[in-house]
1. Just to be sure I understand, how many residues within segment C:129-169 are away from ligand 1 (no atom under 16 Å from the Cβ), more than 25 Å from residue C:29 (Cβ to Cβ) and either part of a strand (DSSP E or B) or touching a Leu at 6+ places or on another chain (Cβ under 7 Å) (or both)?
2. Restricting to segment B:360-370, and then to whatever is without any contact (Cβ under 8 Å) to a residue 24 or more places away in the chain and in a helix (DSSP H, G or I), can you tell me which residue is farthest from the other protein chains (Cβ to nearest Cβ)?
3. Output the number of the condition that residue C:438 fails; it satisfies all remaining conditions of (1) closer than 30 Å to residue C:371 by Cα; (2) among the charged types (D, E, K, R); (3) surrounded by 11 or more Cβ atoms within 10 Å (Cβ to Cβ).
4. Name the pairs whose Cβ atoms lie under 6 Å apart, with the first residue in segment B:334-359 and within 8 Å of another protein chain (Cβ to nearest Cβ) and farther than 17 Å from residue A:38 by Cα, the second of a type in the set (S, T, N, Q) and buried (at least 20 other Cβ atoms within 10 Å of the Cβ), and 6 or more positions between them or separate chains?
5. If only one of B:401, B:409, B:375 is over 20 Å from the mean Cα position of the chain (by Cα) and more than 30 Å from residue C:272 (Cα to Cα), which one is it?
6. Collect the residues in segment C:175-222 that are crowded, with 23+ Cβ neighbours inside 10 Å, more than 24 Å from residue C:295 (Cα to Cα) and either modelled with pLDDT under 95 or among the hydroxyl-bearing types (Ser, Thr, Tyr) (or both), keeping them in residue-number order.
7. Looking at segment C:274-313 only, could you name the residues that are basic (Lys, Arg) and either in contact with a strand residue (DSSP E or B) (Cβ under 6 Å, 6 or more places away or on another chain) or within 14 Å of chain B (Cβ to nearest Cβ) (or both)?
8. Considering every residue within segment C:45-52, establish whether at least one is more than 16 Å from ligand 2 (Cβ to nearest atom) and either over 27 Å from residue B:325 (Cβ atoms) or assigned to a loop (DSSP other than H, G, I, E, B) (or both).
Amino acid sequence: MSPSLRREDVAHVAKLARLTLSDDELDQFTQQLSQVLEHANDMSSLDLENVVPTTHPFGLVNVVRDDVVRPSLDRDEVLAMAPDSEDGRFAVPRIIGEAP
Amino acid sequence: MKSAEQIVRDVRSGATTASAELDDALLAVKARNEELNVFLYVDEEGARRQAESVDAAIARGESVGPLAGVPIALKDNLCQRGIPTTCSSRILEGWRPPYSATVVDRLLAAGAVPVGKTNLDEFAMGSSTENSAFGPTRNPLDPTRVPGGSSGGSAAAVAADMTPLALGSDTGGSIRQPAALCGLIGVKPTYGLVSRYGLIAFASSLDQIGPFAKNVTDAAMLLEAIAGHDEMDSTSLPEPAPSLVAHINDGVAGKRIGLVRDLVDGADEDVVQSVLRAAEALAAEGATIVELSIPEFRLGLSAYYILAPAEASSNLARYDGVRYGLRVNADDVTAMNEATRTAGFGDEVKRRIMLGTYALSAGYYDAYYGQALKVRTMMISAFANAYRDVDLLLGATTPSVAFELGSKVSDPMAMYLSDIFTIPTNLAGDAALSVPFGTGEHDLPIGVQLLGPGRSEAKLFAAARVLEIAEGR
Amino acid sequence: MGLPGDWEMVVGLEVHTELKTATKMFCGCANHFGAQPNTNVCPVCLGLPGSLPVLNVRAVELAMAIGIALHSTIAASTFHRKNYFYPDMPKDFQISQYDLPINKGGYLDLPDGSRVSIERAHLEEDTGKSTHLGGTGRIHGADRSLVDYNRSGVPLVEIVSGPDIRSSAQARSYASSLRAILIATGASDGRMEEGSMRIDANVSVRKPNAPFGTRCEIKNLNSLRSLQRAIDFEALRQIELIESGGTVRQETRHWDENVGATSTMRTKEEAEDYRYFREPDLVELVPSDEWQGRVRDALGPMPAERRLLLISRLSSPSETQLDAVEVVIDLGLEDYVHAALDAGADASLALARAANELAAGLDLLSNVTFTAFSSTLLLEQSGTLSATQSKTVLGELLKSGGDPASIATSLGFEQMSSESLASTVALLIDENPDEWERFRDGDEKLAQFFIGQVMKQTKGQANGKDVIKELHARR
Ligand SMILES: [Mg+2]
Ligand SMILES: [Zn+2]
């Protein structure tokens, strides 16, 4: 059996996924996600030790493209999508912490 | 409404024009869109331009494409340059993609006339089109019921005679299930047959674009026009589009068709009866029906509801308020990301993002995601095993006819179970379609499902055509 | 720098190098440093909804070339997604190789004869770049940031060494030898100052033969000097911490070049959960023997071999010559030296002019032909040009090419007439009687003093050897 889902697991996962949950939502999601995970437990009893995992249904290999420049997008069109821009760049509020 | 096949013939012969056909389509949209909430956006101007260019080409005596003048509806998770594309989510509201999906380019080249963008469950997550930020779509055959989902808007567009063709996407049944509930042909092509470039990803290893139509030939015409290798999609199969329409009347004589117990068990009695009658109709045309069981199918739902959310949790990370779509301002970028995502996503999307994040997180990966990948391998072997003995498989598409609006929204697990018969095909990457066969309670349509190995579309269409003829269509 | 007591440092390096492709890793946007912000972007490298990656064949081949040069095993490989939120990463995940990298194992031999093992060299994509506004302009205290995605999706190879390095000097030597290999394979231009080669160092300390200590990862090492200083600082910090009764925490630390110190960036507890999983939008990469063979055949000789070849042409190489050889090999300048030697130039002179003058103008090398370089050296050797004039001519050649003799003429670098040299020397002897006296008494060092004075007086037009001749004639 896989471990059952706790409220703090859901809170942790919400943080990883950049979502804020109210207390009520936390309760509700814990209950709903537990149900799905319980259903998924019918897989955990299977002995799949020697089964190879599949990530692609067909075994395509070596799909590559030539190193040839194609036109990029027009910058005005790119920045028109942006919620905020400045000086040809996308503007965001201050960044806390450096990239990992 | 005329079939796509008829429209192409008439447009080419001069009996009608693409513009006149478009007028009919726009009239039909105006008549019922408010009631049914099918289209989120109607691109009248662009559609007119495209129709006029088809008409002009014909006037100049030039050859026109295989879908010349046929109005078509696009699920709103397909990018079309300059046209609002929302995935039925607040988080993308107002976004106009600066590029078009490969399928959209191919449709335009084929002379089809995209009319607008149709409603869906937010990010294609759902089975009823009730999870849309812009309100549910109603089933044109009974507006108190759902059209199915997630491609409910595209199904409803065809069912309500607004357009003869529509495109949807099928990750776990999102074309076949609404096709069944709306009385249409709906096809989930082989994974890689249709380019996913420009299809907003839900679960990348499962998503496929496919057609809705009222008859088998129209569906085959549409699939031929959009299929075939695309260098913009690394998972695109290397070969060109298969020839489908030419084989539509090949029949099923001499074919062995497996009636899969696991694809009818648990379905409503009227659905079971339709499947059995379909088996008889196929046998009457020379197919041998073999009853068989594929117990692995029962694991499909579990594997799917781990794999699809896991991929989705990563695919949907990019909606962070930085580059496009919604931004809810906050003091720092992390708080801004959180405020944006919290306000922008609906509950079902949040549920799946969290489920998928959990399944991939340290300590749980092996138990959930890793195990589900192995179940996927089992599923592929189980199908392959079955196809050593039979050419195609037969079963129900959905456990019941269209259900009432609101009847499953508060119980995610009950909603998930409506995909139980369609999910195995997506996990295997194989092809399957749903074809209307008989009716059930309240005279609502029932869909039977035909399943085949990868690249078996021509055989599937031929078998579906046999059922269509048996129903007098 | 030595460590106190019998402490030993254990260092492993992770080197990220941008690949010199025409386009990005997964899209056709130009891979070009220095363009206007957000002009080399498309749906793919902006992570727009619906876009999909397609792998650049050239990036794969450059990665293989690096693997071949590092004696790695080129293996079937896959791509994974490394999931974390950061505004300069448009999809909020990085496509990288994880459990199955394209290059496994290998080693790099350093000039001092030591060998550093290579664990892996894998492909991944670069991120965009943010600029911080308000406050100090650094990330801390800024009030907003601006993001440019031109760099997003540029192909990178991350080369991870084994924990085999035992001194900061060895670390530096590893980094510069690796850079020479990256340049030699054509994979990278190795420019640390433009960020095309970036280094992280894993540093721990231990007593001899003790198990490895807890390591800290130091980020932001963007010059060889920073690398060396940061490693020394960090090793000492850890030793002092342990000797004063503390324990080293596993963490990521930031090197501040101005302060000359590392500081905590992120502790182990704050480390991200990256939720790695196979990138479903890309397929497996299985380089066939035939494909690998083609890449191997296209590779020229690697630096170690080229170094030996160059050294074999020196009769009894001095320290100075060997140092110049390192620079010349690292920067791939040895074809100039070979050409000059073939033309009869002096080895020390050829090495010095290549390692200094040519090395200072790498961007402009295409203006200088082998013949022009050799001719300039021969003019200097024959005394037609003074050393200073010769350097000026090389500078002009770099700037705009041309023929050395005509450049010398147009600059007015006529050989000083022997009369005017003689009168200058006579004047200086008068002005410096004490020095002249000592020279006459046999102190040859004073010749250098007079050469310096003559050069000053003639603004470098005189030839040093002629000055000595004149001095001896007057002694
Ligand atoms: Mg890395
Ligand atoms: Zn790009």
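1. Residues that pass the stated criteria total 5.
2. B:366
3. Against the list (1) closer than 30 Å to residue C:371 by Cα; (2) among the charged types (D, E, K, R); (3) surrounded by 11 or more Cβ atoms within 10 Å (Cβ to Cβ), residue C:438 comes up short only on (1).
4. Correct list of pairs: B:353/B:313.
5. B:409
6. Listed by number, the list holds a single entry, C:221.
7. C:275, C:278
8. Within segment C:45-52 (the criterion being more than 16 Å from ligand 2 (Cβ to nearest atom) and either over 27 Å from residue B:325 (Cβ atoms) or assigned to a loop (DSSP other than H, G, I, E, B) (or both)), the answer is no, since none of the residues qualifies.
The values are calculated or read from the model by the stated rules, or taken from the named source; none is laboratory data. Values in this document were obtained by computation on a predicted structure and should not be read as measured data. As a convention, Cβ positions derive from the backbone with ideal geometry for all residues, glycine included, and neighbour counts pool all protein chains shown.
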